[in-house]
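Data first, discussion second: the structure below is written as structure tokens.
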Amino acid sequence: MSNYTRGPWAYRKAKLPTDGKYDFGISADFSGKPFCIAEAFGRVGREIFPDAEANARLITAAPDMLAALQRVDRLIDKHLEKWAYGETHQIIRAAIAKATETPKP
């Protein structure tokens, strides 16, 4: 499993001085202090991205969603004879792999 910056993750609005639009800084906690690890842009050049805040929320939820999927994966493995989650299990495993495996060049 690959490493990622441990949480908790959070986001905050950062107003752009040029036009008052917002970007969203995504941060992780390092020894009690937030540290910016990513950004969801509300504007790039002249393009406005109305989904920037929703993207920031999704990104900040990623560690929790990964942990939940890993737990469900273990439960399905343990009780597969009781549950018929074949296709869903494949989707879960593909999502876990996407989040944890280093892509091949």
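I'd like the full set of residues that are modelled with pLDDT under 90, assigned to a helix (DSSP H, G or I) and either closer than 26 Å to Arg6 by Cβ or open to solvent by 90 Å² or more (accessible area, probe 1.4 Å) (or both), limited to the stretch 75-99.
Leu75, Ile76, Asp77, Lys78, Glu87, Gln90
State all residues of the stretch 37-64 that are under 19 Å from Pro17 (Cβ atoms) and either touching a His at 6+ places or on another chain (Cβ under 7 Å) or open to solvent by 90 Å² or more (accessible area, probe 1.4 Å) (or both); if no residue qualifies, say none.
Phe41, Arg46, Glu47, Phe49
Scan the stretch 65-74 for residues that are surrounded by 12 or more Cβ atoms within 10 Å (Cβ to Cβ) and small (Gly, Ala, Ser) and report the count.
The number of residues fulfilling the criteria is 1.
Do you know which of the residues in the stretch 1-27 that are out of contact with any helix residue (DSSP H, G or I) (no Cβ under 9 Å at 6 or more places or on another chain) and assigned to a strand (DSSP E or B) is least open to solvent (accessible area, probe 1.4 Å)?
So the residue we want is Ala14.
A quick yes/no check of all residues on (1) more than 26 Å from Ala97 (Cβ to Cβ); (2) not small (Gly, Ala, Ser):
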residue: Phe41; (1), (2): yes, yes
residue: Gly45; (1), (2): yes, no
residue: Phe49; (1), (2): yes, yes
residue: Ala54; (1), (2): no, no
residue: Arg57; (1), (2): no, yes
residue: Pro63; (1), (2): no, yes
residue: Ala67; (1), (2): no, no
residue: Val72; (1), (2): no, yes
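Which of the residues belonging to the stretch 15-31 are of a type outside the set (Asp, Glu) and farther than 17 Å from Glu47 by Cα?
Result: Gly25, Ile26, Ser27, Ala28, Phe30, Ser31.
The values are calculated or read from the model by the stated rules, or taken from the named source; none is laboratory data. Just so you know, these numbers come straight off a predicted model, no measurement behind them. Backbone-built Cβ (ideal geometry, glycine too); neighbour counts: all protein chains shown. Protein only, heavy atoms only, side chains kept; ligands, DNA and RNA dropped before computing areas. Shrake-Rupley method; radii C 1.70, N 1.55, O 1.52, S 1.80 Å.
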